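Q: I'd like to ask some things about the structure below.
The values are calculated or read from the model by the stated rules, or taken from the named source; none is laboratory data. For clarity, every value in this text was computed on a predicted model and none was experimentally measured. Cβ coordinates were reconstructed from backbone atoms using ideal geometry, including for glycine residues, and neighbour counts include every protein chain displayed. When the accessible area is computed, the model is the full protein with side chains, heavy atoms only, and any ligands, DNA or RNA have been set aside. Shrake-Rupley method; radii C 1.70, N 1.55, O 1.52, S 1.80 Å.
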2 protein chains.
Amino acid sequence: MTLVTIREFQTSIESIYLAKDSERGVPANVAWLVEEVGELARALRKGEAEEAEGEFADVLAWLCTIASIAGVDLEEVAARKYAHGCPKCLATPCACDV
Amino acid sequence: MTLVTIREFQTSIESIYLAKDSERGVPANVAWLVEEVGELARALRKGEAEEAEGEFADVLAWLCTIASIAGVDLEEVAARKYAHGCPKCLATPCACDV
C-alpha cells in the first residue's frame, strides 16, 4: 500500500520534469495539461480502464508541474481550500444546490 | 505544514462530494473538470496568483471525484506510473526528446 503525500508526488515530478518543463513556460504546459485531460476523457468514454488509470496519473503529473512552475504547493492549497468541507457551504457532505 | 496523502485528499473529496457527483455520472463530471482547467488557465494567464491557487485545488478535487466514480485510487496509479522516473525513458531527470 503506497502512502504518498501530494507534496512528495509534486517533488518527484519536479525531479523528473521541472528543468525541461520550466523552459517551456506556463502556457505550453497548460496546453499539455489540456491534452492529457482529453486523453483521460477519451479513455473514460471508451471504458478503457487501464488506459484511464495512466491518464489519471498523467493529469496529476501535469497539474503538479504547472503548480511547481507557478510556485504553488499543491498540497497546501488543496488542503487549505477543502479543510472545512465544501468551500461554498462549509458542509460535509456538500449541501450546495448544484 | 500540512502532510496530506493523495489518498487522504481523495477520501476527503469523496466525503464532501461523492454522493452528489456520482449521481451526475462521469461525462458531466468530466465537463466540470474541463471548466475548472479553463478557470486555472485563465488565472495563470492573468497572473492572478491567489485565484490560481484555488483553481489548482479545484482541478485536483475534480480529478479525485472522477477517479472515485471510476473506482480508481489516484495515489496508487500516480505512484505506480512515476515510481521509476519518466515512464517513457525511465530516467530522472527525463531524457526524452520532447
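Q: Going by amide H atoms built from the backbone, whose H comes under 5 Å of the H on A:Val4, apart from near neighbours?
A: Hits under the 5 Å cutoff: B:Ile6, B:Arg7.
Q: Which whole-number percent is the relative contact order of chain B (Cα, under 8 Å, 6+ apart)? Could you put the intermediate results ahead of the total?
A: Numbers: 69 pairs, mean separation 30.7, N = 98.
RCO, chain B: 31 percent.
Q: Give A:Lys88/B:Lys46; A:Lys20/B:Lys81; A:Lys46/A:Lys81; B:Lys46/B:Lys81; A:Lys81/B:Lys20 a once-over and call out the pairs whose C-alpha atoms are over 30 Å from each other. Could the numbers behind the result be given before it?
A: On the way: A:Lys88/B:Lys46 24 Å; A:Lys20/B:Lys81 19 Å; A:Lys46/A:Lys81 33 Å; B:Lys46/B:Lys81 33 Å; A:Lys81/B:Lys20 19 Å.
Pairs exceeding 30 Å: A:Lys46/A:Lys81; B:Lys46/B:Lys81.
Q: Taking only the Cα atoms of chain A, how large is their convex hull per residue, in Å³? Walk me through the intermediate numbers first.
A: Values: hull volume 14.6 nm³, N = 98.
Taking only Cα atoms, chain A has a hull volume of 149 Å³ per residue.
Q: Here is a further query. How much of the accessible area of chain A, in percent, comes from carbon and sulfur atoms when a 1.4 Å probe is used?
A: Numbers: 2610 of 4810 Å².
Using a 1.4 Å probe with all protein chains present, chain A comes out at 54 percent carbon and sulfur.
Q: Please identify the helices of chain B, taking whole runs of DSSP H, that span at least 18 Å along their own axis as judged from the Cα atoms and have a mean Kyte-Doolittle score of -0.5 or higher. Numbers along the way, then the final one.
A: Values: long enough: B:6-24 (23 Å, -0.68); B:26-46 (30 Å, 0.27); B:49-69 (30 Å, 0.70).
Counting only whole DSSP H runs, the qualifying helices are B:26-46, B:49-69.
Q: At B:Ala49, label 7 Å along Cα→Cβ: distances to the other copies, nm, ascending?
A: From this label point to the equivalent ones elsewhere in the assembly: 4.5 nm.
Q: With just the Cα atoms defining each centre, how far is the range B:19-47 from the range A:1-60? Give it in Å.
A: For the range B:19-47 versus the range A:1-60, the Cα centre distance is 16 Å.
Q: Only Cα pairs within less than 10 Å get springs; with that Gaussian network setup on chain B, which residue of B:Val26, B:Val77, B:Val34 has the largest fluctuation?
A: Result: B:Val77 has the largest fluctuation of those listed.
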